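S.K.: One structure coming up, written as structure tokens, with questions to follow.
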Amino acid sequence: MALVKEVSRDPEILGGTPVFAGTRVPVKTLFDHLMGGDRLDEFLEDFPTVTEAQALAVLKAAELSVEAAA
């Protein structure tokens, strides 16, 4: 699954860290919140510039990546 729409990398934005497209929110922040016990809706409340569709697409891509590696 290509994440071209949902994730962007630009050396001028957070030194090229992958962020949700159109935001300055690092993708890693989503995983940090979920691993810390937050629910997806809590993450979305904390980072309103990230859409639910973006977050779900990133999670789906991670799922597919894990399945492909297994």
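The values are calculated or read from the model by the stated rules, or taken from the named source; none is laboratory data. Remember, predicted model here, so these are calculated numbers, not experimental data. Glycine gets a Cβ as well: all are built from the backbone with ideal geometry, and neighbour counts include every protein chain shown. The area values use the complete protein model at the heavy-atom level, side chains included, leaving out ligands, DNA and RNA. Shrake-Rupley method; radii C 1.70, N 1.55, O 1.52, S 1.80 Å.
S.K.: For residues that are of a type in the set (Val, Ile, Thr) and in a loop (DSSP other than H, G, I, E, B), scanning just the range 37-70, find the one that is surrounded by the fewest Cβ atoms within 10 Å (Cβ to Cβ).
M.R.: Checked the range 37-70; the qualifying residue surrounded by the fewest Cβ atoms within 10 Å (Cβ to Cβ) is THR49.
S.K.: Suppose we keep only residues that are assigned to a loop (DSSP other than H, G, I, E, B), open to solvent by 60 Å² or more (accessible area, probe 1.4 Å) and small (Gly, Ala, Ser) within the range 1-36. Which one would you say is modelled with the highest pLDDT?
M.R.: So, considering only residues that are assigned to a loop (DSSP other than H, G, I, E, B), open to solvent by 60 Å² or more (accessible area, probe 1.4 Å) and small (Gly, Ala, Ser), the one modelled with the highest pLDDT is GLY36.
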